[in-house]
Amino acid sequence: MSLTKNPTPAPTGGGAAAISIRGLVKSFGPIEVLKNIDLEVGAGEVVCVIGPSGSGKSTLLRCVNLLEEPTAGTIVVGAHEITDPDVDIDQARRQIGMVFQQFNLFAHLSVLKNLTIAQTKVLKRPVAEATRVAMANLDRVGLAHRADAFPAQLSGGQQQRVAIARSLSMDPELMLFDEPTSALDPELVGEVLAVMKGLAKEGMTMMVVTHEMAFAKDVADRVVFMDGGYIVEEGTPQQVIGDPQHERTKSFLARVLNPTAVQEGDQFPAPDQKTEPK
Ligand SMILES: Nc1ncnc2c1ncn2[C@@H]1O[C@H](COP(=O)(O)OP(=O)(O)O)[C@@H](O)[C@H]1O
Ligand SMILES: [Mg+2]
């Protein structure tokens, strides 16, 4: 009897960490853009990252995807420590889907071809299987009927839904979204958020950088507020958006929730437009 000789590994899924970030620092030359980030995202969890422009939100997502190489710290995504110099980076990255503000579709390829090309070239799927997967994912985002269209024939909202379907066609374990609705006309934002909400309901692990506070309130399990390269505050949407504890969170939310209001400290003309007295 040797019950302890081969201990079973800790169970994965159902709350296990999908992303574990420890002591993450990222510098560009002398400028430290991420200062000391610790963050865990559980499997099936939706984490919305909010914060002012320049606070490091995109850099954080790009480090998780290794589009940027961290300066210090460790990042574990699923079973891979992606900051391990010996990691198979292509394999590690394959578990991660990423959707950007700009949809980055191939303009000269049909919607269907946009979804099958990486499947056949990277995953080596036969065309028939890639097509089946693509059509299933187009159906998921409500665009199966536009499979033969070219990107320019679609609205921005439809193009972003195609970009999401393309990402899903690679069977990612988790999805990163960097301001996926920021480039859209206001009336097209809802259809993209609805697709993302559907994904969250299906249990997809998601990290979403967004300024859509209603979406964050509605869909996020956790909200992370970043400023100046730090996580200033994190918690449930009710905590961070509904009852923020830090001054910086409060003033950011006041601006985002009421963008046309003049805030204390606002200057007019803006400091860089001031003309020197003659
Ligand atoms: N490739 C880069 N080289 C130098 N500085 C960069 C680079 N990428 C981002 N930065 C700087 O890092 C800071 C954080 O940028 P970013 O992560 O894009 O912020 P956010 O997404 O929150 O607006 C900014 O000051 C930005 O100018
Ligand atoms: Mg950004």
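The values are calculated or read from the model by the stated rules, or taken from the named source; none is laboratory data. Predicted, not measured: the structure shown is a model, and the values here were computed from it. In this analysis, Cβ positions are derived from the backbone assuming ideal geometry, glycine residues included, and neighbour counts consider all displayed protein chains. Ligands, DNA and RNA are stripped out before the accessible areas are found, and what is left, the full protein with its side chains, is counted by its heavy atoms. Shrake-Rupley method; radii C 1.70, N 1.55, O 1.52, S 1.80 Å.
For segment 74-126, chymotrypsin sites (Phe, Trp or Tyr not before Pro) meeting the loop criterion (DSSP other than H, G, I, E, B) and having at most 13 other Cβ atoms within 10 Å: Phe106. Counting only heavy atoms of the protein chains and using a 1.4 Å probe, Lys113 has close to 100 Å² of accessible surface.
Per residue, the chain exposes 53 Å² of accessible surface when a 1.4 Å probe is rolled over the protein heavy atoms with every protein chain present. Once all protein chains are placed together, Asp90 keeps about 90 Å² accessible to a 1.4 angstrom probe.
Taking Cα centre as origin and charging only the Cβ of basic (Lys, Arg, +1) and acidic (Asp, Glu, -1) residues, the dipole magnitude of segment 118-261 rounds to 460 debye. The residue among Val209, Ala130, Val219 whose Cα reaches farthest toward the positive pole of the charge dipole of segment 130-239, with charges on the beta-carbon of Lys, Arg, Asp and Glu, is Ala130. Seen from Gly235, the other residues with C-beta closer than 10 Å to its C-beta sum to a net charge of -2, counting Lys and Arg as +1 and Asp and Glu as -1. Rounded, prolate or oblate: which fits segment 78-170, taking a ≥ b ≥ c as square roots of the Cα gyration tensor eigenvalues, rounded meaning a/c under 1.5, else prolate when a/b beats b/c? Verdict is prolate for segment 78-170.
The alpha carbons of segment 128-222 give a radius of gyration and a Dmax of 13.2, 41 Å, in that order.
Considering only alpha-carbon pairs that sit under 8 angstrom and 6 or more positions apart, the relative contact order computed for the chain is 23 percent. Calculated mean residue ellipticity, 222 nm, the chain: -9500 deg cm²/dmol, from DSSP H runs (n ≥ 4) at -39500 (n - 2.57) each, averaged per residue and rounded to 500. Applying both filters, DSSP loop and at most 11 other Cβ atoms within 10 Å, to the GluC sites (Glu not before Pro) of segment 190-269 gives Glu202, Glu264. Our note on the geometry: Cα centres of segment 149-164 and segment 120-147, 15 Å apart. Centre-to-centre separation between the Cα atoms of segment 16-76 and those of segment 79-98: 15 Å.
Here is the list for segment 114-194: trypsin sites (Lys or Arg not before Pro) lying in DSSP coil, each with at most 11 other C-beta atoms within 10 angstrom of its C-beta, are Lys124. In the chain, carbon and sulfur make up what percent of the accessible area (probe 1.4 Å)? Answer for the chain is 51 percent, counting heavy atoms of protein chains only.
Bridging of Lys124 to aspartates and glutamates at a Cα separation below 17 Å is possible for Asp90, Asp171, once same-chain residues fewer than 8 apart are set aside. Neighbours of Ala165 by Cβ distance under 14 Å: Lys/Arg scored +1, Asp/Glu scored -1, total +2.
What percent antiparallel are the DSSP beta bridges of the chain, to the nearest 5? So the antiparallel bridges in the chain amount to around 55 percent.
Count Lys and Arg as plus one, Asp and Glu as minus one, and take only other residues whose Cβ is under 10 Å from that of Ile37; the net charge is then +2. Here the chain is assigned +1 on the Cβ of each Lys and Arg and -1 on the Cβ of each Asp and Glu. Its dipole about the Cα centre then comes out at about 680 debye.
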